[in-house]
Amino acid sequence: MMMEIFGVKLVILKSVYPPSDDSYLLVREMVINKGDVVLEVCAGTGIASVVAASRGAREVVSIDVNPEAALNIAINAVLNGYEDRIHPICADLTSPLRPNFTYDVILINPPYLPVEDKVDEALWWSAGVDGRKIIDRFLSNVKDYVKENSRVYLVQSSLSNVEKTISYFSKMGFETRIKGLVHKFFEDIVVVEAVYSG
Ligand SMILES: C[S@@+](CC[C@H](N)C(=O)[O-])C[C@H]1O[C@@H](n2cnc3c(N)ncnc32)[C@H](O)[C@@H]1O
């Protein structure tokens with residue numbers, strides 16, 4: 001499948017999360033300044049990474065645990081002419097990253113639903129009974145990758161305890177707010193913006 005959105009072209013491979021309302025919310029709300037160095041975790045097709053590059057990001061590291069997603073990010077980088085700036089990696093969260101190499105912006109739209117589905121696509125949404133399996137692991141070491149004024153944009157559902165996320169960020173020295181919200185039938189999808197103040 002192929003689409004054009006936010007001024008970029010995207011191929012969507014079969015086993016990769018097709019961009020949806022949560023992806024669009026992230027792309028709308030993320031603030032990318034020219035020259036920013038960006039990390040995207042749980043990148044899927046790389047929609048946010050490609051748009052970040054189109055807005056002037058200097059380097060974008062894009063990680064997804066699904067090998068086909070890493071391939072998909074590479075294809076979309078080439079399709080839009082950003083293959084020199086987008087670096088796809090197939091890995092579990094931040095596991096391949098050097099600690100203390102910091103980013104201006106970190107993006108994550110992880111699996112966040114409080115379900116334990118077993119179908120193949122569950123990798124897209126299923127995040128354990130409380131919906132926080134990936135979010136809490138991400139939060140446990142995000143501080144290793146930020147410097148003063150780094151911005152983190154994290155997408156999640158109101159079903160997976162947004163207050164807990166905000167409290168985690170605050171304890172680590174981030175100033176946090178709900179930057180955007182989409183109301184769905186049974187939940188709100190929010191983007192939390194967390195700015196590191198040291
Ligand atoms: C909700 S989708 C979001 C995809 C993309 N960021 C978007 O907004 O369209 C969640 C993504 O997280 C990836 N994922 C799940 N567990 C992961 C992990 N442990 N490490 C890295 N990526 C993971 C999935 O493969 C999937 O692409």
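The values are calculated or read from the model by the stated rules, or taken from the named source; none is laboratory data. All values reported here derive from a predicted model rather than from experimental measurement. Cβ placement follows ideal geometry from the backbone for every residue including glycine, while neighbour counts extend to all protein chains displayed.
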Residue that is farthest from Asp84 (Cα to Cα) [pool: residues in segment 1-30 that are in a loop (DSSP other than H, G, I, E, B), in contact (Cβ under 8 Å) with a residue 60 or more places away in the chain and more than 13 Å from the chain's Cα centre (by Cα)]: Ser15
Of the criteria (1) assigned to a helix (DSSP H, G or I); (2) of a type in the set (S, T, N, Q); (3) in contact with a Gly (Cβ under 8 Å, 6 or more places away or on another chain); (4) over 23 Å from Met3 (Cα atoms), which one Gln156 fails: (1)
Strands (runs of 3 or more DSSP E) wholly inside segment 58-125 containing at least 1 residues that are in contact with a helix residue (DSSP H, G or I) (Cβ under 8 Å, 6 or more places away or on another chain) and more than 22 Å from Ile12 (Cα to Cα): 105-108
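Here's the yes/no breakdown for (1) surrounded by 15 or more Cβ atoms within 10 Å (Cβ to Cβ); (2) at pLDDT 90 or above; (3) among the small types (Gly, Ala, Ser):
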site	(1), (2), (3)
Asn76	yes, yes, no
Tyr82	yes, yes, no
Arg85	yes, yes, no
Cys90	yes, yes, no
Ser95	no, yes, yes
Ile106	yes, yes, no
Tyr112	yes, yes, no
Lys118	no, no, no
Val129	no, yes, no
Options Ile47, Ile108; residue that is of a type in the set (A, V, I, L, M), in contact with an Asp or Glu (Cβ under 8 Å, 6 or more places away or on another chain), closer than 26 Å to Lys179 by Cα and near the ligand (Cβ under 9 Å from one of its atoms): Ile108
Single unsatisfied condition, Asp130 versus (1) touching a Pro at 6+ places or on another chain (Cβ under 9 Å); (2) closer than 23 Å to Ser15 by Cβ: (2)
